[in-house]
Structures are given as structure tokens and as C-alpha cells.
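The values are calculated or read from the model by the stated rules, or taken from the named source; none is laboratory data. Computed from a prediction, not measured in an experiment: that's the story for all the values here. Because the Cβ atoms are built from the backbone with ideal geometry, glycine has one as well, and the counts that use them run over all protein chains shown. When the accessible area is computed, the model is the full protein with side chains, heavy atoms only, and any ligands, DNA or RNA have been set aside. Shrake-Rupley method; radii C 1.70, N 1.55, O 1.52, S 1.80 Å.
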Amino acid sequence: MGRGRVVVKGVAGAAAALLLAVGCGSPSGGDGGAADSPSPTASRTTTSPGPGTSPPRAAVRVAGTLSEGLRSPWGLAELPGGDLLVSSRDERTITRVSARDGRQTPLGEVPGVVPGGEGGLMGLAVRDGWVYAYLTAASDNRIVRMRYGGGAGDRLGAPQPVLTGIPKGVVHDGGRIAFGPDGMLYAGTGETGETGLAQDRESLGGKILRMTPEGRPAPGNPFPGSVVYSYGHRNVQGLAWDGDGRLWAAEFGQNTWDELNLIQPGRNYGWPEAEGRAGRSGFTDPVAQWPTSEASPSGIAYARGAIWMAGLRGERLWRVPLSGAERSGEPRAFLSGEYGRLRTVLATGGGTRLWLVTSETDTRGTPGPGDDRILRLEVG
């Protein structure tokens, strides 16, 4: 197993969940199969330490492992009916995973993907019979879409370009895409190590982009004729909307602070002039920040009144409680070091459950038997 991890295998007849009090934990190294019925891993609950007379403590229960043996999993999207699509960054493939029993059905390799460094086949989104993918091609990062009938035996259609010309690099390629409540497609991009791109509104690097499903600038964007929605980002890999439709984004810092930002159109989030809270005019400060050793955040999801953030180097799942557009309490960590690097988190079941994807086989982890896996979490 990965360094610092303890994975408890199921024991026949186990009757009680394991209760763990989990705090922030200490910094840990790294950087930024089979199904269960009902669970091959022991159910466990972790609770955040509640101060005094605070409301009932948040809890995470690992209900089991849905599927394992995945290679470099990155993007995750839910199909109508509940089954999942997962992308392999390095193998350039998309696999359908049954939400009932974890059975994996390969849908094929996506043509034109050129993996390298942090690039490859990354974020996924599903809409109206199309599968959208953010990928690294020979000359750029781009978003494509492929027809998919939605049946277990169906194959992906040929990729059609939606948006091209996103800068690519060995590092900081962004890669998360998601459809918002407004029906528009959003994408988080990185500045590829060229920090100046983040402040250049003519570049698509270091931005959050907003476009129609066909890739045109979305109506109401802050800069006429542009898909740029916000700028001054270093490397955005997490996008999620809260119950009132506000957009939140997770962002890798460099050496000091990782960030959770409330995204507003046209705002400048500071990179490379600011990392974390700067209090400087013209820049928007994050709602929460972490030392890079404790987070290095990738995917995020909204559930039960909080943002849940997957940490790669931090090897933990962060919960950030919200009250409207503000944080209502301190972030708390769960699953610290238990499953290694955590890449993607997706809300399901009306926001009562989460799918959580590990990332030990991405060349920066220490893979053990069963890695990588999709975990089934219940949150309260």
C-alpha cells in the first residue's frame, strides 16, 4: 500500500463501523477490478472533531469500494441511470463502470490524445447523448465531444472539436470540465508553467472558461466575444456549484497556498502576483487556503452544505462548510493517508453520497494491490 496508508479489508460478519476522529493531519509526501456486494472493505465512519456546543459533527462513511484496478483514472461523469464513465489519463481510454456492481466495460481509446507529464485524457462531462472530454493533443489542450448511445455495449463516436488552442505543458494543464446549472460548459485550465499567461486575457491558459455546448462564448460572459470567465489562476482542477448555483473552484498553489475560490465573472484571482490571501486591490482572495503539503487539490463536489475537496499530495478529503457565499466554519480533513492520493470527487444520490477516485497510479503515488479504485462514500 501507499506510504502512510492503512486499508482495512472486510471481515465476514463485521457489525460495527470503525469510528475515527480525524483532524488536519500532518503533511505527507507526493505532489501536486473487483466490485463489492455490498462491500469488500469494512465500512468506516470518520467524524470531524466538534468544538463544544457546535451543531452535529460532519461524518463520512466509506460504504465500500465500487471498482478497482483502474489505471491513472482522472475524469468521472455520471450517466443517466447512475452508471459512471471514468477516463484514464495515460492510457487514453474511457471505461463505463456499473454503479450497481462495479463491472467495467471499456468504451475504447480516444484518438488524438498525446499523454505526457500532467497531460493526457482528463476531465469528462455528459450531456444530451454526448460525452465531452478535456484532453492533451499534439499541439494543444482541447475539449472534444463524442456521440454515445448510453448502452453498456455502445461505443464512443469519433471526437469532434468543441474548443481548441488551450495551452499545453508538461505541468499545470488544468483539465476539469463540467456543465453548470445554466446549461453552459465550464473548463478549468492551467498556465502550463508560463506564469504570465494567467494575467493575459487573450490566452486561454490559467483561466476558467465558459462556453455553449458547441464551444462558442456563452451569453453574458464578462469579456465580449471571449470564453474567458475568470482569470489569474495557476492550475484549476476542481469545479462545483452549490445549492444556490454559485460556482466554486479549487486551485493548486506553487509553494505556499492552495486555494478554494468563489468564482465571479470577470474577477482576477491574482496569480502570479498573489498566492493565497493577499488583500490587494484588484485581486479576489480565496475563501479557504491550505499549505500545499496538506492539499494539492484536484476535484471538488458540493454535498450536505459543504464543498468536499480531494487532495493529491495531502492524501485526504477536505470538507469546507458553507453559509451562502461564505465559509461557515474551519475546513476539516477526513480519510487522511488511508487511500493515498485522491483525484476526483463527484456528488450523487441527491447530494447524500459521493464517489471518490484515488490516484496512486499517476506516476507520483505508491500503488498497492487494487489501486486505483472508486470508493462509495456516505456523508452527513
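Counting only protein heavy atoms and a 1.4 Å probe, the range 46-198 has 37 square angstrom of accessible area per residue.
Over the range 103-247, the pair-distance histogram of Cα-Cα distances with 5 Å bins from zero comes to 2, 11, 20, 22, 21, 14, 8, 3, 1, 0 percent, rounded to whole numbers. For the range 86-129, the residues whose amide N sits under 15 Å from a probe point set 7 Å from the Cα of S139 along the beta carbon direction are 112-114.
Which residues in the range 277-295 place their backbone N less than 16 Å from a point set 7 Å from the Cα of R201 along the Cα-to-Cβ direction? So the set is 282-284. In units of the rule-of-thumb radius 2.2 N^0.38 Å, the range 161-211 shows an alpha carbon radius of gyration of 1.12.
Model label sites at D182 and T363, defined 7 Å from Cα along the beta-carbon direction, differ in position by 3.6 nm.
Per residue, the convex hull spanned by the Cα atoms of the range 85-178 amounts to 92 cubic angstrom. Which percent of the Cα-Cα distances in the range 227-290 go past 13 Å? Here the tail beyond 13 Å accounts for 58 percent of pairs. Counting protein heavy atoms only, the range 186-243 has 45 percent of its accessible area on carbon and sulfur, 1.4 angstrom probe. Note on R280 and R103: their simple-model spin labels are 5.6 nm apart, each label 7 Å out from Cα toward Cβ. Counting protein heavy atoms only, the range 78-127 has 46 percent of its accessible area on carbon and sulfur, 1.4 angstrom probe. When the Cα centres of the range 92-149 and the range 333-373 are compared, how far apart do they sit, in Å? So the separation of the two Cα centres works out to 19 Å. In terms of the mean number of neighbouring beta-carbon atoms within 10 Å, the peptides 264-271, 71-78, 310-317 order highest first as 310-317, 71-78, 264-271.
Length available on full extension from R147 to A325: 0.36 nm per residue minus the Cα-Cα distance, which gives 60.4 nm.
In terms of overall dimensions, the range 198-334 has a Cα radius of gyration and Dmax of 14.4, 42 angstrom. Across the accessible surface of the range 270-380, with the other protein chains kept in place and a 1.4 Å probe, carbon and sulfur atoms take up 41 percent. For the chain, the mean projected area of the C-alpha convex hull, equal to one quarter of the hull surface, is 17.4 nm². Amide H to amide H distances under 5 Å link E315 with L342, where only residues 5 or more positions off or on other chains count and H is placed in the peptide plane.
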